[in-house]
Structure formats: structure tokens, C-alpha cells
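First the structure, in the form of C-alpha cells, and then the observations on it.
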Amino acid sequence: MDIKRVVVGAIVGGITLHIIGYLIFDIAVADYYMANRATPAAFRDAPILWSLVLGNFAFATLITLGVAVRPGEPAMGSGFVTGAVVGFLGWFHFDFATYAYTNLWNFPIAIVDPLLEVVHAGITGAVIASVMAMVPKGAAIRPAE
Amino acid sequence: MDMRRFAVGTVVGGITMYVVGYLIFTLAFGAYYAANVGAATNALREPTLEWAAALGGLAFGALITYVILSAPGTPTIASGFIKGAITGFLAWLSVDLVLFSATNLWTFTIVLLDPVLEFVHSGIGGAVIAAVLARMPSSAMRPAE
């Protein structure tokens, strides 16, 4: 695995997740999420931004590794599929686990959230794969000096 | 991707992770988690919804199976452990940080501990999935009938 490509993919992916996440979850469907809070007192008045940013970079690293382990050169289409599958299955798990153990959200969020992640993580996977394809492979293919 | 292997890996992974999750998060560390609930004391469900936890576990079994089957080569117990462990660690590090950003559900100690326990939890899940998949011939490798 080419570490340089993975690092670049994770950084670009983290930024993409943050921007697309803001557009989807803070603008497009923010009111829907707000209306489906089962325990409003459990939510912070303002999110802790550094924690959200770090969380996005961790998930971007996971998508990047998913793109990197696939055989062949990364491509936008396969990157979208990898991101969408990782995002959907990952968040399906988290949302159902959260619903099982907490009263944070009403049940519709456990259905809607993983579907939105298909778009959120899918676009991110496409961007990651596109950028990884532009980064030349590491030392293994360089001629000896 | 071989859908028969994907389905078997998903079911085996879901069952394994449900059992191992009970041992780790309920029996071994249940009291520690209970002692580290944040300010949102009413947000935890009592009793938990086991059907939702089991369904979520199947999704994570599917995610780890997808990662294992995406990589070239025959799965081994060691490679399955590594893939499962990294997937679980990164995925839950992301979710714990995002949850910490938005809610008062847990103290920050849990944000650090939970992904480490997931490394073990998902690693064992990945090892079991890989062990089972290694015994299943790929449909592409079957002789023509």
C-alpha cells in the first residue's frame, strides 16, 4: 500500500466529508434532524468543532483504505461505490446501535441517516479516488538513483 | 464480488460480533461505561433494544466482509483480524468523536477507550469471518458443470 497516496486521500477526504456534511446535515436536512431529536437536552448548544473535524478525518481514512485495498488503479466510479458502501453499512450499524442503547433520535433517523451517507460518503469516495489517481505511486516505481 | 460468500461472512460476522460485543461491552466494561455517562443522564435506554443492536451488528459484519473480500488473495485469520480491527477502530473513532461533538452522552474518556475496545471486538469478528471465508471456495474457482 502506498502510504503517500493514503495520507493525501485521507486529508482530501476529511475536508470533503466536512464540506459535504455541512451542506447535507447542517443546511439541507437540519430541520428534519432537529425535529427528530428524542432527547433534546442531550445535545450540545454548539458542536465541538475540533472533535467533528477529527471524526471526519478518521472516517475519511477508512474510506481511503477501502479504495486503496481494491485491485487496480483508483477511479471515480469505483471510489463512489466504495465510499457509499462503507458509509451506508458503517452508519447503518452506528445508527441502529445508537437507537438500541439510547434515546437520542427517533426511529426515522436510523433509516434516513445511512441513506444520506450513501451520498455523503459516496461523493467523498469519488473525490478520494480521483485525487489518489493523480498522485504518482511511491518509491517502489522510482528508478534507482 | 461473490454474493454467497458475502452473505455467509455477513451472518457469521454479525453473530460473532454480537456475542463478543456482549462479553466486552456488557460484561467486562459495562460498569465502566455506566460510570462515564455525560451530562445527558436520561438519554440511555433501559432496557436496550436487542433487535436493533443485532440488526446493526449484521451491517457491521457486512462492512468487514466487504473489506475482506475487496482485497485480492485468499483471506487468512491474521489478515482478517487486521482488516476488522482497523475498520472497527477507525469507524468507531469517527463516530465517537462525532457523537462527542454533538452530544453530552459520554465523557471524553469513552471517546478514547471505545475505539480501542473496538479494535479487539472487530478484529475478532474479522478473524472469524476470514476463517470461514477461507473454507468456502469462490464461485469463480468452481469447475464448470
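Fewest neighbouring Cβ atoms within 10 Å first, the residues B:Ile86, B:Ile124 line up as B:Ile86, B:Ile124. Centre-to-centre, using Cα atoms only, the stretch A:42-66 and the stretch B:62-91 are separated by 22 Å.
Charged side chains reduced to their Cβ positions (Lys and Arg at +1, Asp and Glu at -1) give the protein assembly as shown a dipole of some 660 debye around its Cα centre.
Panel order for A:Met134, B:Met136, by other beta carbons found within 10 Å of each beta carbon, from fewest to most: A:Met134, B:Met136. A Gaussian network model of chain A, with springs between Cα atoms under 10 Å, assigns the largest mean-square fluctuation among A:Pro114, A:Pro74, A:Pro47 to A:Pro47. Counted by neighbouring Cβ atoms within 10 Å, the residues A:Ile48, A:Ile63 run from fewest to most as A:Ile48, A:Ile63.
With a 10 Å cut-off around each Cβ of A:47-58, the average count of Cβ atoms from other chains is 6. Amide H contacts under 5 Å for A:Thr102: B:Arg45, restricted to partners 5 or more places along the chain or on a different chain, H placed in the peptide plane at 1.01 Å from N. Alpha-carbon geometry of the stretch A:27-145: the Rg and the Dmax are 17.8, 63 Å, given in that order. Working from Cα positions, state the angle (0 to 90°, nearest 10) between the long axis of helix A:3-21 and the longest principal axis of chain A. Value to nearest ten degrees: 30. Other protein chain C-beta atoms within 10 Å of residue C-beta, averaged over B:103-110: 3. The mean number of Cβ atoms from other chains found within 10 Å of a Cβ in peptide A:79-92 is 4, as a whole number.
Over chain B, what per residue volume does the convex hull of the Cα atoms give, in whole Å³? Numbers along the way, then the final one.
Values: hull volume 15.6 nm³, N = 145.
So the per-residue hull volume is 108 Å³.
Once the Cα atoms are used to define both axes, helix B:50-70 deviates from the longest principal axis of chain B by about 50 degrees. Extending 7 Å from Cα along the Cβ direction at B:Thr76 and again at A:Ala38 yields two label points whose distance is 4.4 nm. Scanning residues 5 or more positions from A:Arg44 or on other chains, those with amide H under 5 Å from its amide H are B:Thr103, B:Asn104, with H placed 1.01 Å from N in the peptide plane. Relative to the longest principal axis of the Cα atoms of chain A, the long axis of helix A:76-101 lies at roughly 30 degrees.
Between A:Gly87, A:Val12, A:Met132, the Cα set farthest toward the positive side of the dipole of chain A (charges on each charged residue's Cβ, about the Cα centre) is that of A:Met132. Residues in the stretch B:74-82 carry Karplus couplings, in order, of 6, x, 10, 4, 5, 5, x, 4, 4 Hz; the curve used is 6.51 cos²θ - 1.76 cosθ + 1.60 with θ = phi - 60°, and Gly or Pro positions show x.
Only the coordinates and a few stated rules stand behind these numbers; no lab work does. Every value quoted in this text rests on a predicted model; they were computed, and no experiment measured them. So basically every Cβ, Gly included, is an ideal-geometry build from the backbone, and we count neighbours across all protein chains shown.
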